[in-house]
Amino acid sequence: MDHTRTNELLRLLEEDARLEPATIATMMGVTEAEVREAIAKLEKEKVILKYPALINWDKTDGKGTVTAMIEVKVTPQRDVGFDQIASRIYKFPEVQSVYLMSGSYDLSIVIEGDSIKDIAFFVSQKLSTLDNVISTATHFILKKYKHDGVIYGENDEDRRMIVTP
């Protein structure tokens, strides 16, 4: 499969990972065998890393989680830069994401916990105690409006005010 077709396949899977290879083949105008072969290759090459489900926990009866974004300033290490400290941070199970950033801080961390207290414990006892961490700033997510391209809480009712001349 050529580069353009591969990107098309990836976009389809990113939009809906539950699409069957036969359906994808029909959508792309290729054979099901070509789709299966391409997917297997992309998984082997670690281009496709995972097939996640995006859950709106606010709509469940279960206890939700608290999500925070933490800005971290660190001292980079000689010969490894930010990689070693980022590796130490992303190995903590509560850490969902770690990004190297440009701007006023170095790393952005997304963390989930059962409570604000859990997040505070992580920051004070695990993150801030790492040798290369200079400072942190924690921002709690109060409401999700859109995540990974999906709008949360959208309904079909048009709430715009009617304006007439």
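What follows draws every value from the coordinates through simple rules; no lab data is involved. Computed from a predicted structure; not experimentally measured. Every residue, glycine as well, gets a Cβ built from its backbone with ideal geometry; the counts of neighbours run over all protein chains shown.
What does the helix-only formula give at 222 nm for the chain: each DSSP H stretch with n ≥ 4 adding -39500 (n - 2.57), the total divided by the residues, and the result rounded to the nearest 500 deg cm²/dmol?
Values: 5 runs with 48 residues, N = 165.
Here the helix-only value at 222 nm equals -8500 deg cm²/dmol.
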Q. Count of lysine pairs in segment 57-146 with Cα atoms under 29 Å apart, counting only pairs 8 or more residues apart in sequence or on different chains?
A. 27
Q. Counting only residues 5 or more places away or on other chains, whose amide H sits under 5 Å from the amide H of D106 once H atoms are built in the peptide plane?
A. V72, K73, V74
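Arrange the following residues from fewest to most other Cβ atoms within 10 Å of their Cβ: H139, H3. Present the calculation step by step, with values, prior to reporting the outcome.
Values: H139 11, H3 7.
Least crowded to most crowded, the residues run H3, H139.
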Q: Give me V72, V80, V30 ranked fewest to most by other Cβ atoms within 10 Å of their Cβ, as a rough exposure proxy.
A: V80, V30, V72
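Which is the longest part of the chain that has none of the trypsin sites (Lys or Arg not before Pro) sitting in a DSSP loop with at most 11 other Cβ atoms within 10 Å?
Values: sites that count: R18, K46, K50, K63, R78, K91, K143, R159, R160.
In short, 92-142.
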Q.
Which three extents, in angstrom, do the Cα atoms of segment 57-146 have along their principal axes, listed largest first?
A. 49, 27, 19
**Q.** Label-point separation, E34 to T60 (7 Å along Cα→Cβ), nm
**A.** 3.9
Q. How large are Rg and Dmax for the chain when only the alpha carbon atoms are used, in Å?
A. 21.1, 66
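Taking the beta-carbon count within 10 Å as an exposure proxy, list D79, D118 from fewest neighbours to most.
Working: D79 7, D118 16.
By the 10 Å Cβ count, ascending, the order reads D79, D118.
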Q: Report, by chain and number, residues whose modeled amide H sits under 5 Å from the one on Q96, excluding near sequence neighbours (fewer than 5 apart, same chain).
A: V110, I111, E112
Q) What nm value, rounded to one decimal, do you get for the distance between N7 and F92 when each label is placed 7 Å out toward the C-beta? A) 3.8
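Express in nm, to one decimal, how much length is gained between D131 and E45 on full extension, taking 0.36 nm for each residue of separation and deducting their alpha carbon distance. Please report the intermediate quantities before stating the final value.
Details: separation 86, 0.36 × 86 = 30.96 nm, distance 3.46 nm.
Computed gain between D131 and E45 is 27.5 nm.
Work out the FRET efficiency for E14 and I116 from their Cβ-Cβ distance, taking R0 = 35 Å, and round it to the nearest 0.05.
On the way: r = 32 Å, r/R0 = 0.93.
Rounded to the nearest 0.05, the efficiency is 0.60.
What is the gain in length, in nm to one decimal, between H139 and Q84 on full extension, counting 0.36 nm per residue of separation less the C-alpha to C-alpha distance? Write out the running numbers ahead of the final one.
On the way: separation 55, 0.36 × 55 = 19.80 nm, distance 2.40 nm.
Value of the extension gain: 17.4 nm.
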